1. If I ask for residues that are of a type in the set (Asp, Glu) and under 27 Å from residue A:51 (Cα atoms), which ones from the stretch A:84-137 would you list?
2. Return yes or no: is residue B:60 in contact with a Ser or Thr (Cβ under 6 Å, 6 or more places away or on another chain) and farther than 21 Å from residue A:13 by Cα?
3. Could you check, for the stretch B:75-82, whether at least one of its residues is buried (at least 20 other Cβ atoms within 10 Å of the Cβ), in contact (Cβ under 8 Å) with a residue 24 or more places away in the chain and among the acidic types (Asp, Glu)?
4. Scan the stretch A:143-153 for residues that are out of contact with any helix residue (DSSP H, G or I) (no Cβ under 8 Å at 6 or more places or on another chain) and within 10 Å of another protein chain (Cβ to nearest Cβ) and jot them down.
5. Given (1) out of contact with any strand residue (DSSP E or B) (no Cβ under 9 Å at 6 or more places or on another chain); (2) surrounded by fewer than 19 Cβ atoms within 10 Å (Cβ to Cβ), identify the lone condition not met by residue A:146.
6. With (1) more than 30 Å from residue A:15 (Cα to Cα); (2) more than 14 Å from every other protein chain (Cβ to nearest Cβ) as the list, and residue B:81 as the residue in question, which single condition is left unmet?
Amino acid sequence: MKELSLNILDIAQNSVKAGASLIEILLTETPETLTIRIVDNGCGMTAAQVESVMDPFFTTRTTRSVGLGVPLLKLAAEQTGGSVEIVSSAQAEDHGTAVTALFNKNHIDFTPLGDIISTVTALIQGAPGIDWQFVHSRGGDAVTLDTRELRAVLGDVPMDQYDVMQWIGEYLREGYAALPACE
Amino acid sequence: MKSLAELAAIREKMKDKVILREGSGEIRVVVGMATCGIAAGARPVLNAFVEGVNKEGLAEKVTVSQTGCIGVCQFEPVVEVFEADKEKVTYIKMTPEKAAEVIEKHLKGGKVIADYTITKALA
């Protein structure tokens, strides 16, 4: 993947497929590190499944037998000296999955984040019925988007309505313009 | 600054339109957005279709959606076009530029661009 935002787009699709009603995408930057967390309340995985998603030859898909999503994220993190951790629960009461990837930003093999706004809008366009919370914090400030707040205003208007998608893109662009650059 | 008030205005504007849109969508454009598609460049292709369809005023007629792996990863980004009573058209190795052409010639003009289809690649 040429951008980490593409890994995020890919990994978050797993949360959609897990039947989540809320998916959080949380990016936290320090001068040295970037932490990406993708947290969902989907069906979750058993301990054995968590073990196997790290393996490129495990997938739930039936069209072919190789699943590269998590291994590619792991590769991108580990090549910067970082790591990927997955915590998941498939219990009826408290289910969901949290994928946490840690990157060393100053490592020569750090993949740039890229067009994260396109990733957020593509995710919302693809699954407009579920709720998305996006937080990117850096230098004591943050860009945030919570579709639950938008939904409260929009009522029945679907989130993937073009005017709404444009508003979201514009809103995020303004947020990033106001966010302090890397310290 | 973007405000929630603008969203309220969109809601007001959409009040009657939303009902209209349901039951339409004679043409479905489906973009493959699994790991293979994303890595090959499906995200800008999806954007090009979403934007192009709306800018060309085709939103009443065309819906753009996403799907997982279609099974022909070597041809990604793959885009399928479904139309009632017509055979499915599978476009391969798509780019935003090709997407603009598909919107213009196929979605608007009703003419399949054979050169970009999987049928052509396998012939």
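The values are calculated or read from the model by the stated rules, or taken from the named source; none is laboratory data. What you are looking at is a predicted structure, and each value in this text was computed from that prediction instead of being measured. Neighbour counts run over all protein chains shown; Cβ positions are idealised from the backbone, glycine included.
1. Residues of the stretch A:84-137 that are of a type in the set (Asp, Glu), as a first pass: A:85, A:93-94, A:109, A:115, A:131.
Hits for the stretch A:84-137 are A:85, A:93, A:94, A:109.
2. Working: in contact with a Ser or Thr (Cβ under 6 Å, 6 or more places away or on another chain): yes; farther than 21 Å from residue A:13 by Cα: yes.
Criteria met by residue B:60.
3. Yes: the stretch B:75-82 contains one or more residues that are buried (at least 20 other Cβ atoms within 10 Å of the Cβ), in contact (Cβ under 8 Å) with a residue 24 or more places away in the chain and among the acidic types (Asp, Glu).
4. At the first step, the residues of the stretch A:143-153 found to be out of contact with any helix residue (DSSP H, G or I) (no Cβ under 8 Å at 6 or more places or on another chain) are A:146, A:148, A:151-152.
Within the stretch A:143-153, A:151, A:152 meet the criteria.
5. Only one criterion is unmet by residue A:146, namely (1).
6. (1)
Each row is one residue, and each column tells you yes or no for (1) touching a strand residue (DSSP E or B) at 6+ places or on another chain (Cβ under 7 Å); (2) under 24 Å from residue B:60 (Cα atoms); (3) crowded, with 16+ Cβ neighbours inside 10 Å; (4) modelled with pLDDT under 95.
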residue	(1), (2), (3), (4)
A:132	yes, no, yes, no
A:135	yes, no, no, no
A:150	no, yes, yes, no
A:154	no, yes, yes, yes
A:157	no, yes, yes, yes
A:161	no, yes, yes, yes
A:170	no, yes, no, no
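Yes/no per residue for (1) within 24 Å of residue A:44 (Cβ to Cβ); (2) within 14 Å of another protein chain (Cβ to nearest Cβ); (3) surrounded by 17 or more Cβ atoms within 10 Å (Cβ to Cβ):
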residue: A:70; (1), (2), (3): yes, yes, yes
residue: A:115; (1), (2), (3): no, yes, yes
residue: A:173; (1), (2), (3): no, yes, no
residue: A:176; (1), (2), (3): no, yes, no
